[in-house]
Amino acid sequence: MTDDRLTRWLKSGRYLPGFMRDFHDQKDLFRAIHQTIKVHETDMARDVTWPIGQVYVIDIFLWWMARRGYTLQRARTDLEFLNIHESISMQNEIRNAAETAALKSMFAGEPE
C-alpha cells in the first residue's frame, strides 16, 4: 500500500531542487541545457528535443528515483562550480535577443 505522506510529497514536487519545481523554470533550464550542450549536434541525443528531455528527466526519471528515496542535490564538494541561475539567465538573454532580431527583420521592410 502506498504511503499517503510519500504520495503527497511526490505530488508537491519537493523532491526537486527549489528552482526546478515550477514548470516554466524547468522549461528555461532544459532550453539552456539544449543551447549550451548543442544536443542536436550530438550522436546519441540528436533527436531529443528539450520538451522531451524535460518530461523524461522530471516526470519520469527524477520522480521514479524519488519514489525510491533518491533525490537530486547540489554537490557538497569544495569546488568552483558554474552558477546555474546565471547560466539559465544568460541562455534566456541569448534566446530573447535572437527572437527579437528575427521579429525585427521580419517587419523591417513593412510600411508603417
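List of remarks:
- Residue count for the range 59-86 under the criterion of being at pLDDT below 95, under 14 Å from MET20 (Cα atoms) and among the aliphatic types (A, V, I, L, M): the result is 2.
- Considered as a group, the residues in the range 1-54 that are in a loop (DSSP other than H, G, I, E, B) and of a type in the set (A, V, I, L, M, F, W, C) include one that is nearest to HIS85 (Cα to Cα), and that residue is LEU16.
- Residue identified as on the phi > 0 side of the Ramachandran plot and charged (D, E, K, R) among LYS38, LYS27: LYS38
- Cβ-Cβ distances below 8 Å connect the following pairs, each with a first residue in the range 7-29 that is closer than 12 Å to ASP59 by Cβ and without any contact (Cβ under 8 Å) to a residue 60 or more places away in the chain, a second residue that is of a type in the set (Lys, Arg) and part of a helix (DSSP H, G or I), and a separation of six or more residues or different chains: LEU10/ARG67.
- One residue from ASP43, ASP4 being modelled with pLDDT of 90 or more, farther than 25 Å from ASN96 by Cβ and loosely packed, with under 10 Cβ neighbours inside 10 Å: ASP4
- Of the listed requirements (1) touching a residue at least 60 places away in the same chain (Cβ under 8 Å); (2) over 30 Å from ASP3 (Cβ atoms); (3) surrounded by fewer than 14 Cβ atoms within 10 Å (Cβ to Cβ), ALA32 misses just one: (3).
- Taken over the range 57-110, the criterion of being farther than 28 Å from LYS11 by Cα, over 19 Å from the mean Cα position of the chain (by Cα), of a type outside the set (D, E, K, R) and part of a loop (DSSP other than H, G, I, E, B) is satisfied by THR77, LEU79, ALA108, GLY109.
The values are calculated or read from the model by the stated rules, or taken from the named source; none is laboratory data. Treat the numbers as computed from the prediction; the structure is a model and nothing was measured. Cβ sites come from the backbone with ideal geometry, for glycine too, and all protein chains shown count toward neighbours.
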